[in-house]
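Report on one structure; see the data block that follows.
The values are calculated or read from the model by the stated rules, or taken from the named source; none is laboratory data. Values in this document were obtained by computation on a predicted structure and should not be read as measured data. Glycine also receives a Cβ, built like all others from the backbone with ideal geometry; neighbour counts cover every protein chain displayed. Keep in mind that these areas ignore ligands, DNA and RNA; they rest on the heavy atoms of the full protein, side chains included. Shrake-Rupley method; radii C 1.70, N 1.55, O 1.52, S 1.80 Å.
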Amino acid sequence: MNVNKIKAYGTEAADAALEQLDINRREVTPKDVEIDILYCGVCHSDLHFARNDWGFSVYPVVPGHEIVGRVVTVGDKVKKHKPGDLVAVGCLVDSCRTCENCKNDLEQYCPAWVGTYGGHDKYLDSPTFGGYSERIVVDEHFVLQVPSNLDPAGVAPVLCAGITTWSPLRHWQVGKGSKVAVVGLGGLGHMAIKLADALGAEVTLFSRSPDKKKDATDLGADQVVISTDEGQMAGVQNSFDLIIDTVPYVHDINPYVSTLKTNGTLVLVGYLGPLDPMLHSVPMIMGRRKVAGSLIGGIAETQELLDFCGKHNITSDIEIINMQDINQAYERMLKSDVHYRFVIDMDSLKG
Ligand code: NAP
Ligand code: ZN
Ligand code: ZN
């Protein structure tokens, strides 16, 4: 298969900084779309994967799964997109298309789903490489249309931070009258607040950071509870229908479970791994409360979200950075100093 060599940013090892490297992209096959990347959001998962926090990274790692760009070339069987279109790619670039999950628009739960980075590229027999790069080639099924009224840089985080919080909001049927809480005000958390608010819910933020209170209110939160303050936590027992927990590291979720109403659900989207301390069953049994998990969202659901954002004029609150600033951005992310998503201007890589 013919390939094109392009510039990217990535790392060869868990303890190495990200730096410029060359990668191969395949030439378009009949169903492929080639995209010139304009912007790419910086997700905390990028940092986890670059540093092998989850133990399954394959190197070199080129992160980036919040991609917005312009179509440059399409294969001769492509129907959905044409050169010049403003399009987006999220966390998925392939799946089997035949299993029950794929048939139900739940490609993210396909046993053979291929991540935008760190998956297996069947064409090149190499790891897939993400959006910290000049261009990407993706099957048209996994390419989304971006509403023309939205700022292309601000829309990039919708592709992961947005859909990861939208999918549980939709699955648990949040709407007018729902009481939703969000744990952690970072990339995912700020999108969760905006989206739950736009769906008509009453929104509470749980945060460790009192200095984020005003921002949370500006984003659409009706209430902020400082999670380290026992008095404030006691004041919100039995309150929420749904809690979306975006915290990236192990933490005690028990204090949140008892803030759910009867039949309420706490959905973990942030931390991947064993809970510590363990989950206590008493608050679950005493209120038929549930603890669940959720992974990004399917392609149809992601397009639904992009269209919803277009209609409600919703984008992410972003800080634009150059590709060369990525290592400092990761250090700031580790200090929860993100307001509220870094987005890379890919012109800085193209030079
Ligand atoms: P982020 O921008 O760094 O935000 C995380 C927020 O969590 C921080 O701003 C902070 O908020 C809070 N926090 C951080 N460390 C904490 C700690 N040790 N204890 C308690 N709270 C802490 O991260 P993100 O990009 O939103 O990603 C969040 C997590 O979701 C990451 O682990 C990422 O890998 C994961 N993720 C999952 C999916 C999925 O499909 N399930 C998709 C995308 C990302 P406060 O200052 O307000 O406390
Ligand atoms: Zn992500
Ligand atoms: Zn499948």
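Conditions tested, residue by residue: (1) part of a strand (DSSP E or B); (2) aliphatic (A, V, I, L, M); (3) within 16 Å of ligand 1 (Cβ to nearest atom).
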{"position": "Leu47", "(1), (2), (3)": "no, yes, yes"}
{"position": "Asp53", "(1), (2), (3)": "no, no, yes"}
{"position": "Arg70", "(1), (2), (3)": "yes, no, no"}
{"position": "Arg97", "(1), (2), (3)": "no, no, no"}
{"position": "Asn101", "(1), (2), (3)": "no, no, yes"}
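Among residues of the range 28-55 that are on the phi < 0 side of the Ramachandran plot and modelled with pLDDT of 95 or more, those with a beta-carbon under 7 Å from a residue that is open to solvent by less than 30 Å² (accessible area, probe 1.4 Å) and of a type in the set (Phe, Trp, Tyr) at least six positions away or on a different chain give the pairs Cys40/Tyr132; Val42/Phe342; Leu47/Tyr330; Phe49/Tyr117. Only a single item in (1) open to solvent by 30 Å² or more (accessible area, probe 1.4 Å); (2) out of contact with any strand residue (DSSP E or B) (no Cβ under 6 Å at 6 or more places or on another chain); (3) assigned to a helix (DSSP H, G or I) is not met by Gln237, and it is number (3). Only residues that are surrounded by fewer than 19 Cβ atoms within 10 Å (Cβ to Cβ) and either in contact with a Phe, Trp or Tyr (Cβ under 6 Å, 6 or more places away or on another chain) or in a loop (DSSP other than H, G, I, E, B) (or both) were counted in the range 113-128, giving 4.
Taking the listed residues Val87, Val62, Val74, the one that is within 17 Å of Pro157 (Cβ to Cβ) and either more than 16 Å from ligand 3 (Cβ to nearest atom) or not hydroxyl-bearing (Ser, Thr, Tyr) (or both) is Val87, with no other qualifying. So which residues in the range 255-265 are in contact (Cβ under 8 Å) with a residue 40 or more places away in the chain and open to solvent by less than 10 Å² (accessible area, probe 1.4 Å)? Result: Thr259, Thr265. The condition of being buried (at least 24 other Cβ atoms within 10 Å of the Cβ), within 16 Å of ligand 1 (Cβ to nearest atom) and over 17 Å from the mean Cα position of the chain (by Cα) does not hold for Val89.
When you scan the range 138-156, do you find a residue that is within 22 Å of Ile23 (Cα to Cα) and open to solvent by 10 Å² or more (accessible area, probe 1.4 Å), even just one? Yes, the range 138-156 contains at least one residue that is within 22 Å of Ile23 (Cα to Cα) and open to solvent by 10 Å² or more (accessible area, probe 1.4 Å). Taking the conditions (1) open to solvent by 50 Å² or more (accessible area, probe 1.4 Å); (2) without any contact (Cβ under 8 Å) to a residue 40 or more places away in the chain; (3) out of contact with any Ser or Thr (no Cβ under 7 Å at 6 or more places or on another chain) in turn, Pro83 satisfies each one other than (3). Taking Gly64 as meeting all but one of (1) in contact with a Cys (Cβ under 8 Å, 6 or more places away or on another chain); (2) surrounded by fewer than 17 Cβ atoms within 10 Å (Cβ to Cβ), write down the number of the exception. Evaluating Gly64 over (1) in contact with a Cys (Cβ under 8 Å, 6 or more places away or on another chain); (2) surrounded by fewer than 17 Cβ atoms within 10 Å (Cβ to Cβ) leaves (2) as the failure.
Close Cβ contacts (under 7 Å, 6 or more residues apart or on different chains) running from residues in the range 92-114 that are more than 9 Å from ligand 3 (Cβ to nearest atom) and modelled with pLDDT of 95 or more to residues that are of a type in the set (S, T, N, Q) and not in a loop (DSSP other than H, G, I, E, B) comprise Leu92/Gln108. The numbered conditions (1) touching a helix residue (DSSP H, G or I) at 6+ places or on another chain (Cβ under 6 Å); (2) more than 16 Å from ligand 2 (Cβ to nearest atom); (3) of a type outside the set (A, V, I, L, M); (4) over 21 Å from Ile163 (Cβ atoms) are all true for Lys80 except (4). Which residues, counting only those in the range 102-112, are more than 16 Å from the chain's Cα centre (by Cα) and crowded, with 18+ Cβ neighbours inside 10 Å? If the condition is that a residue be more than 16 Å from the chain's Cα centre (by Cα) and crowded, with 18+ Cβ neighbours inside 10 Å, then Cys102, Cys110 are the ones that fit.
Residues that are of a type in the set (A, V, I, L, M, F, W, C), open to solvent by 10 Å² or more (accessible area, probe 1.4 Å), within 14 Å of ligand 1 (Cβ to nearest atom) and in a helix (DSSP H, G or I) within the range 302-351 comprise Met333, Leu334, listed in sequence order.
If you go through the range 269-285 and keep only what is outside any loop (DSSP other than H, G, I, E, B) and open to solvent by 60 Å² or more (accessible area, probe 1.4 Å), you end up with Val282, Ile285. A search for C-beta distances below 6 Å between a residue of the range 121-137 that is acidic (Asp, Glu) and any residue that is crowded, with 20+ Cβ neighbours inside 10 Å, counting only pairs 6+ apart in sequence or on different chains, returns Asp121/Thr128. The residues on offer are Asp252, Asp215, Asp211, and the sole one that is without any contact (Cβ under 8 Å) to a residue 24 or more places away in the chain and not in a strand (DSSP E or B) is Asp211. For the range 289-301, a residue qualifies if it is in a loop (DSSP other than H, G, I, E, B), in contact with a Phe, Trp or Tyr (Cβ under 9 Å, 6 or more places away or on another chain) and either surrounded by fewer than 19 Cβ atoms within 10 Å (Cβ to Cβ) or free of Cβ contacts under 8 Å to residues at least 40 places away in the same chain (or both), and exactly one does: Leu295.
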